[in-house]
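Here's the structure, in structure tokens; my notes come after.
The values are calculated or read from the model by the stated rules, or taken from the named source; none is laboratory data. Not measured: the values here are computed from a predicted model. Positions of Cβ are generated from backbone atoms using ideal geometry, with glycine treated the same way; all protein chains shown enter the neighbour counts. To get the accessible areas, we keep the full protein, side chains included, count just its heavy atoms, and leave off ligands, DNA and RNA. Shrake-Rupley method; radii C 1.70, N 1.55, O 1.52, S 1.80 Å.
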Amino acid sequence: MHGYAENVFREYDSTKYADVDFFIPREGSPMYMDNLVILKNSKNKDLAYEFINYLHDPQVYAKIIDYLRYPCINAAARPFQTRKSNYQLEDLKNSEFKEDLGPNLELYNKLWQEIRIGGAS
């Protein structure tokens, strides 16, 4: 099945982890990036920046990475990690970010439905 490691391992019975072989295909896979946004007209911009800085504090960031088991991109947080990531940054070398497909979005959705449901629609 297709699934994100953080979902598979957070939602699956931990006593059955040995039955799961999570991998990223060597041909690559789609990637995504989580983002934090501060609205231009935000009334609490300073507090928002403070929160973002807090999340990137190495000890805090390591706790987030330990929970989600992502590869750690914050080098200062790596010494504070206590759990191994489900995959390494190197595993993403052939992967690519999802981008705006513009007029091809309808075709993408049609093909994805065929993958998920099977057969031509």
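Looking only at segment 76-121, count how many residues are over 24 Å from residue 1 (Cβ atoms), in a helix (DSSP H, G or I) and among the charged types (D, E, K, R).
Qualifying residue count, segment 76-121: 2.
Specify the residue that is modelled with the lowest pLDDT; the eligible residues are those in segment 16-61 that are among the small types (Gly, Ala, Ser) and farther than 24 Å from residue 93 by Cβ.
Step one: of segment 16-61, the residues among the small types (Gly, Ala, Ser) are 18, 28-29, 42, 48.
Checking the rest, the ones that are also farther than 24 Å from residue 93 by Cβ come to 18, 42, 48.
Working: 18: 86, 42: 94, 48: 96.
Taking the candidates together, the pick is 18.
Just to verify a result, which residue in segment 13-41, among those that are free of Cβ contacts under 8 Å to residues at least 60 places away in the same chain and surrounded by 12 or more Cβ atoms within 10 Å (Cβ to Cβ), is nearest to residue 96 (Cα to Cα)?
If we take residues in segment 13-41 being free of Cβ contacts under 8 Å to residues at least 60 places away in the same chain and surrounded by 12 or more Cβ atoms within 10 Å (Cβ to Cβ), then 20 is nearest to residue 96 (Cα to Cα).
Can you find a residue that is surrounded by 12 or more Cβ atoms within 10 Å (Cβ to Cβ), basic (Lys, Arg) and in contact with an Asp or Glu (Cβ under 8 Å, 6 or more places away or on another chain) anywhere in segment 54-71?
yes
Of all residues in segment 72-94, how many are more than 23 Å from residue 11 (Cβ to Cβ) and either in contact with a helix residue (DSSP H, G or I) (Cβ under 7 Å, 6 or more places away or on another chain) or open to solvent by 70 Å² or more (accessible area, probe 1.4 Å) (or both)?
Total satisfying the criteria: 11.
Considering segment 70-116 alone, what residues qualify as being acidic (Asp, Glu) and either closer than 18 Å to residue 28 by Cβ or touching a His at 6+ places or on another chain (Cβ under 9 Å) (or both)?
Step one: list which residues in segment 70-116 are acidic (Asp, Glu), which gives 90-91, 96, 99-100, 106, 114.
Passing the criteria: 90, 91, 96, 99.
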